[in-house]
Amino acid sequence: MLLVPAIAFLTGLGFALFGMWVSAIVPSINSLDYVITGVLTPLFLVAGTFFPIDQLPSWAATAARFNPLWHTVELIRAAVFARLTPGDLAHVGVLALFAAAMWSLAVWKLRARLID
């Protein structure tokens, strides 16, 4: 249970950086509606929070495994029920990779928008 805040921090960091990147590329605040309805809501729905992704069609289940929220759900379930295995480090790696990718995209686009 003590690992849940660390998992939430890593996920929150990645999505905060995603928000910074999106804010640097959208032309107006009204365009954020497209990001919320077209990106964030589907990510939330296929994260395995409400129902197992095994019940999804095979293409959607495969796509869900690339979802950083799915990795978060799997890690938190394992941490809460004390079922962490060495294989869960792959979930941590995916979340760290997501945060690093979002950091690099956010810095790149914000530098272009604010400095150049």
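Would you point out which residue out of ARG65, ARG83 is open to solvent by 60 Å² or more (accessible area, probe 1.4 Å) and either farther than 23 Å from LEU3 by Cα or over 16 Å from the mean Cα position of the chain (by Cα) (or both)?
Values: ARG65 fails: either farther than 23 Å from LEU3 by Cα or over 16 Å from the mean Cα position of the chain (by Cα) (or both).
Being open to solvent by 60 Å² or more (accessible area, probe 1.4 Å) and either farther than 23 Å from LEU3 by Cα or over 16 Å from the mean Cα position of the chain (by Cα) (or both) holds for just one of ARG65, ARG83, which is ARG83.
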Practice prompt. Provide a single number: the residues in region 50-62 that are open to solvent by 80 Å² or more (accessible area, probe 1.4 Å), under 23 Å from GLY12 (Cβ atoms) and assigned to a helix (DSSP H, G or I).
Written response: 0
Response to the item:
Filtering region 49-78 down to residues that are closer than 18 Å to PHE98 by Cα and not aliphatic (A, V, I, L, M) yields THR62, ARG65, PHE66, ASN67, PRO68, TRP70, HIS71, THR72, GLU74
Item to complete: Within region 86-110, track down each residue that is of a type in the set (Phe, Trp, Tyr), surrounded by fewer than 20 Cβ atoms within 10 Å (Cβ to Cβ) and either modelled with pLDDT under 90 or in contact with a helix residue (DSSP H, G or I) (Cβ under 7 Å, 6 or more places away or on another chain) (or both).
Response: TRP103
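In this structure, is VAL46 of a type outside the set (Gly, Ala, Ser), modelled with pLDDT of 90 or more and either under 21 Å from LEU10 (Cβ atoms) or open to solvent by less than 50 Å² (accessible area, probe 1.4 Å) (or both)?
Working: of a type outside the set (Gly, Ala, Ser): yes; modelled with pLDDT of 90 or more: no; either under 21 Å from LEU10 (Cβ atoms) or open to solvent by less than 50 Å² (accessible area, probe 1.4 Å) (or both): yes.
For VAL46, the condition - of a type outside the set (Gly, Ala, Ser), modelled with pLDDT of 90 or more and either under 21 Å from LEU10 (Cβ atoms) or open to solvent by less than 50 Å² (accessible area, probe 1.4 Å) (or both) - is not met.
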Fill in: Hey, PHE9 open to solvent by 30 Å² or more (accessible area, probe 1.4 Å), assigned to a loop (DSSP other than H, G, I, E, B) and not charged (D, E, K, R) or not
no
Worksheet item: So ARG113 fits all but one of (1) modelled with pLDDT under 90; (2) in a loop (DSSP other than H, G, I, E, B); what number is the exception?
Response: (2)
Fill in: Of all residues making up region 68-80, the number that are open to solvent by 50 Å² or more (accessible area, probe 1.4 Å) and without any contact (Cβ under 8 Å) to a residue 40 or more places away in the chain
2
Discussion item. Can you go through ALA47, ALA24, ALA78 and tell me which one is outside any helix (DSSP H, G or I) and in contact with a Leu (Cβ under 6 Å, 6 or more places away or on another chain)?
Written reply: ALA47
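The values are calculated or read from the model by the stated rules, or taken from the named source; none is laboratory data. Because the structure is predicted, anything quoted here is derived from the model rather than measured. As a convention, Cβ positions derive from the backbone with ideal geometry for all residues, glycine included, and neighbour counts pool all protein chains shown. Surface accessibility is based on the protein's heavy atoms, side chains included, excluding ligands, DNA and RNA. Shrake-Rupley method; radii C 1.70, N 1.55, O 1.52, S 1.80 Å.
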